[in-house]
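Below is one structure, written out as structure tokens; comments come after it.
FYI, it's all coordinate maths here, none of it is from the lab. Keep in mind it's a predicted model, so treat the numbers as computed, not measured. Cβ: placed from backbone, ideal geometry, glycine included. Neighbour counts: every protein chain shown.
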Amino acid sequence: MRHPATGESVQVPLGYSLPVLLLGPIELARRRDWPLVAVSVLLPIVGQIFLAPIANRSYLKRLLRQGFRAVSPSPGYIGRIEWQLGMLLPRYTGRSNKSAD
């Protein structure tokens, strides 16, 4: 994911979040996902088990609300991700960072 205005890039994991399952509120705080941190603290073990499957999707949606856009490392990659998620991702259309060698 890349933000068009700032150029900031973030790699977003997909699927089940093992770090959230094992580290719980620590990993969620690192991502600044405060509502999920609260759930994880209030329901320590059960919360982490229930949050692990949805934490990465929640993180992706938050980045999209902040204006981040999907960047494809290879042709068709974003299409496969969209199919897995069942949602369309806005694409980054800025210049590529690849230098001409």
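When Lys and Arg each count +1 and Asp and Glu each count -1, what net charge do the other residues less than 10 Å away from residue 19, Cβ to Cβ, add up to? Within the 10 Å Cβ shell, the charges total +1. Based on Cα atoms of the chain, Rg over Rh with Rh as the Kirkwood radius reads 1.04.
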